[in-house]
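Here the structure comes first, spelled out in structure tokens, and everything after it is commentary.
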Amino acid sequence: MLYSVRVWSLWCPSHSETPSLSRRRGQQCGSRGELTLRGRLVFVDESGSMSGLFSECVQKSQQLHRALERLREVCELLQLPAIESRRWYELFVNKLLPQLRDDSFLVVAVVGGTNIGKSVIFNHIAGCRASSTGPLASGTRHPVCLVPSGFAETHDLESIFPGFCLCEWEAPEDAVRESPEDLLFWRISESVPPRLLVLDTPDIDSDVRVNWRRADKIRQCADVLIAVLTQQKYNDAAVKQFFRRGAIEDKAVIIVFNQCVLPEDEAYWPLWLDTFCGETGIRPEFVYVAPNDRQAAESNRLPFWERPFADRKSLPEASSSSVRLEADDEPRDLSADLARLRFGEIKLRTLSGALARLLDQDSGVPSFLDEIRSRSEEFQSAIDLLGTQDLARIDHWPTLPNSVLVSAIRCWWRSQREGWPARVHDFYNRIAAGLVWPLRRLRRSVRDPADRGIPPARVASDSGYGGTGLCATAMVERMRERSIASPVAGAA
């Protein structure tokens, strides 16, 4: 029987086709923004929901999941490896399906070097003093996460942050306590925008190497990285190494130049940005500058000014001074700007690697469908061959002897017994075989000319029956003598 397979096609944008999330300068953001991608117009509303490519990808992933469930039985019938044993299926079920949902969310991680004000930025996004701050380095050892209200009831946090042991965050000091485990402290915050998870992370340039491992895990889990840089840290080797990996993973990055001396540093931050982006390959979505104001930082009143910039990759001949555009003097609310991010686009960028593995021609869904198609064609070819050429037709099958059938049934039944019943039946089978053996030998001696010269008395004595078998043997001998003498008497 040939199994027809319907191939469900998904379109996964490559890195070059992924749209930029930066707003076009000189345009006001209304209640609904728009984006053109490969000739397709995609609309984005204030909540960040996307009614184009992302919604289509969500629908296709659900269709693919239903189709794969129906192919489970086909794999068994075609004697193919189980679908659960395939790596792309594990990736699809554990990562893509939970995150490709209509209620998409973003994981935003505040990352950077030592003593540059990461916790200050984190507190401003959270809208409260959630993490401890001070003029000295706090030495954050474990990431902390603020979760919007109601999110934990509808999502599995452990699947969002694999590799971490999740604990409830009860005090600001929890993040600095020593522990060999990779802990992640979380709590619910009413001030965090809906569908936005915000994290404060360990220093990425710390002397404690375990902090690097924890920061790497957070980077892999995050959808958006808020890179906190200063004049001293923008060119640090450990910082650049961290963000090079983020660029390879195509993470969305927002850069905040903190502790700036304004207005003097207005002439220098474009140079810092140019060096940082050139060394790491990062293409930021937004760039902000914040003043060096300790009092405002401690009281959660630090202003953030968005600074327009042009992508140097799109303007290869531009100089550092020419990429500066007109600045906006109105301070920005980081939390509000994050809430207006295009969630669907960023989520697709984050999942683009997993989607590419799922759709890989050699090791993904297409390869799996090719296996089913090839094996189905083999079965169909065998059926066609047997049906058209009559290679296996036998008109007159020989009659199966009863003894062979009975013996086969007994052998099968013997193999099904176990333990004490098997030993009892084996004992009685041996006794029965001993009782029947002389009769079978006698019958063969009558039928087989080669055995006719053996006296029946010898058959009985060979069987070991002695006196009990003599009566039966004598009776058989008399019957044979009478049968031989009767024709002679008739002739006389």
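None of the figures in this text is laboratory data; all of them are computed from the coordinates on show. Just so it is clear, the structure is predicted and the values come from calculations on it, not from any experiment. Neighbour counts run over all protein chains shown; Cβ positions are idealised from the backbone, glycine included.
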_For segment 222-311, report the % of Cα-Cα distances exceeding 15 Å._
57 percent
*Can you put 73, 298 in order of Cβ neighbours within 10 angstrom, beginning with the fewest?*
73, 298
*Quick one: net charge of residue 361's neighbours, Cβ under 13 Å, K/R +1, D/E -1?*
-3
*Put a dot 7 Å past each Cα toward the Cβ at residue 274 and residue 93; how far apart are the dots in nm?*
5.3 nm
*With labels modelled as points extended 7 Å from the Cα through the Cβ direction, what inter-label distance (nm, one decimal) is found for residue 409 paired with residue 69?*
4.5 nm
*Which of 440, 86, 244, 209 has the fewest Cβ neighbours within 10 Å, and the rest in rising order*: 209, 440, 244, 86
*Say the cut-off is 25 Å between C-alpha atoms; which of 217/240; 95/251; 95/240 go over it?*
95/240
*Placed amide H near residue 286: partners under 5 Å, 5+ positions off or other chain*: 255
*Could you check the simple spin-label distance between residue 420 and residue 361, using points 7 Å along Cα→Cβ, in nm with one decimal?*
6.7 nm
*Taking the Cβ of each residue in 145, 167, 221 as the centre, tally the other Cβ atoms inside 10 Å and list the residues starting with the fewest.*
167, 221, 145
*When ranked by the protection proxy of mean other Cβ atoms within 10 Å per residue, highest first, what sequence do the peptides 193-204, 256-267 form?*
193-204, 256-267
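Between residue 301 and residue 220, 0.36 nm times their residue separation minus their Cα-Cα distance comes to what? Spell out each step's value before the answer.
Numbers: separation 81, 0.36 × 81 = 29.16 nm, distance 3.09 nm.
Contour length minus the Cα-Cα distance gives 26.1 nm.
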*With r as the distance between the Cβ atoms of residue 382 and residue 247 and R0 = 51 Å, compute the FRET efficiency 1/(1 + (r/R0)^6) and round to 0.05.*
0.45
